[in-house]
Structure formats: structure tokens, C-alpha cells
Amino acid sequence: MSEKWTTANIPDQRGRVAVVTGANTGLGYETAKALAERGASVVLAVRNVEKGRQAAARMTGDVTVQALDLTSLDAIGAASAELRDRFDRIDLLINNAGVMYTPKQTTRDGFEMQFGTNHLGHFALTGLLLDRMLPVPGSRVVTVSSAGHRIRAAIHFDDLQWERSYNRVAAYGQSKLANLMFTYELQRRLAAHGTTAAMAAHPGVSSTELVRYTPAALRLPLTWLARTTQTAAMGALPTLRAATDPAALGGQYYGPGGRLEVKGHPRLVTSSPASYEVAVQQRLWSVSEALTGVTFPVAGSAVMK
């Protein structure tokens, strides 16, 4: 495999349907744009439909827009139903949208905003669309995590919604750790089907709008660091490689290949030891199903309560 993997390495995507969440700006925009340029029929699944249409107008190829609000289970259900009506098959689901370091607030269903959007919203969306993917050989679910999954990160089962106290950095870390645990447990459940695979990716430090909620003490250095490392287009490459590289395997995690995974061309990387704890993955899955009311059409092993 080339150490300088770029969009030029993306195979022909004609005939494939790709749904990309949060695709009107930043990493999602660059991911969707690259897939469309290689021939995929791309759906920009976004909260702001008008901004989605403006983004679609700047892309080349078959690009459409789907309203999707990941902060509402009702909205996720409605969007999933519309996508299921539109498409008999989905080849790629890119769970890219997210929020970072938000002030304490909740989704419409009462979930802590970062955990509810980044993890539970994508968990529900994936579960509701998965039967459109299972019959499709080579279909993939790619969930975007972050190096933040290593920072003050744990799954706080005793206070998942941060009702007793709130730390925006730790809450973000929990949501991004959950993204990885979801990926690994999903892949375990998908393995028996042999058609669909689950992967994860992270963008390193990229210049995107995510920094808008960064605490004041971190905002300037992080913004400077992002602007001096790599663009959103470079940050999207790990996601694109996980989604399209024929050599990529289910359960793998891709990130920048440079020092400390801050920047560089995408390569296979390793997530934190905590992310591989199977019992915690299974417990998180069980809790996520209970919170969202979404049950996946793939069976798992015995789940630890």
C-alpha cells in the first residue's frame, strides 16, 4: 500500500451510493466532494438544508441533499425513512458530523449534546439504514473519531449525560471513544454476514469549524495549530481511505501518518487501549439501544449488563 495515499487512489465509485453526514462544510464536504468526483451518487445528510444545497452546487457529479438533525431521534427516524424510500441500496455510510467542546446543553431527547450527537445520533442512523447495506457486497460504515478519544476519555455509565457535573473536554472524549467502541462492536456483529464492514478514521488536526466551541484558553493555540498543519481536504483522507481502499479491512482505524498522527497521508493507526475493551463495548451497545430505541438487524454475542 502506498504511503502517500491521496484521492487519486480512490477506485471508480460509479454505481455506488454514499451517504455523508455533516457534509456541507469541512471534512464532510471534502469527503463527499471526492466521492462524487469519482462517480458515486452522494447524499449530503445535513441539518441546514440550504447550506447543503450551496455545498452541493459547488461539487461535480450526482449530489443530492437530505435533511438530517442528529440531535433528534424523531428527525433521524424521518431522514432514515426518506433515504430508505429513495435508495434500495447504500454502499457507504460516512458518520462524519459532530460537535466539539460545546457548552453544557442537551439534544431534543435530553442527551448530553456531544454524546447525543456524535455517538447516539450516528448509532441510531446506522441501525436504521443497515438493512439497506447488508445485501451489498463491499458496503462500509465509516465513523469519524478523533485523537480526543485519548484525552480524559472514559464511558461514564454512572452519569452518561453529565447531569451531576460537566467538563466539555471529557464529554467530547467520551463521545469520540464511544465512536470507536461502536465501530469495533459493529464489526464483530457484521463479520458473520461477510458483506458489510465497519471502520473508523480520524483527521488529525485539521482546519475546520469544530474549533468554534473550544474553551477560550485553548482556542487560539488550537486554531493556530490547525492552520499550520493541514487542510480539511488532507484531514478527510483517512476517512476516504477507510471508505474506499480495497485493502482496508473491517475493524481498522485510519489516521494521518505523520508524527503524533497530527498530519500527513493516511495510514493504519491504533486507538487507545481503553477503546478495545470488549465488555465495555458490549455494555455501551446495550445502553445505546435502550436510549435510542433502535435495534440492529445483526446479532451480537452475550452482552454484559
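Just a few scattered comments:
- Selection status of I94, surrounded by 23 or more Cβ atoms within 10 Å (Cβ to Cβ) and among the β-branched types (V, I, T): yes
- Considered as a group, the residues in segment 125-175 that are part of a loop (DSSP other than H, G, I, E, B) and among the basic types (K, R) include one that is surrounded by the fewest Cβ atoms within 10 Å (Cβ to Cβ), and that residue is R164.
- Taking segment 4-59 as the range and being touching a helix residue (DSSP H, G or I) at 6+ places or on another chain (Cβ under 6 Å), in a helix (DSSP H, G or I) and either of a type in the set (S, T, N, Q) or over 24 Å from K263 (Cα atoms) (or both) as the test, the residues that pass are T7, T31, A55.
- Of the residues E277, E289, the single one that is within 26 Å of S72 (Cα to Cα) and surrounded by fewer than 20 Cβ atoms within 10 Å (Cβ to Cβ) is E289.
- You will find that of A67, A56, A32, the residue that is under 18 Å from the mean Cα position of the chain (by Cα) and free of Cβ contacts under 8 Å to residues at least 24 places away in the same chain is A67 and no other.
- Odd one out for T244 among (1) at pLDDT below 95; (2) farther than 21 Å from H149 by Cβ: (1)
- Unique residue being closer than 30 Å to R14 by Cα, modelled with pLDDT under 95 and exposed (fewer than 15 other Cβ atoms within 10 Å of the Cβ) when the list is P297, P215, P221: P297
- Subset of segment 67-91 (residues that are buried (at least 23 other Cβ atoms within 10 Å of the Cβ) and either assigned to a loop (DSSP other than H, G, I, E, B) or touching a His at 6+ places or on another chain (Cβ under 8 Å) (or both)): L68, L70, I90, D91
The values are calculated or read from the model by the stated rules, or taken from the named source; none is laboratory data. Since the model is a prediction, treat every value here as computed from it, not as a measurement. In this analysis, Cβ positions are derived from the backbone assuming ideal geometry, glycine residues included, and neighbour counts consider all displayed protein chains.
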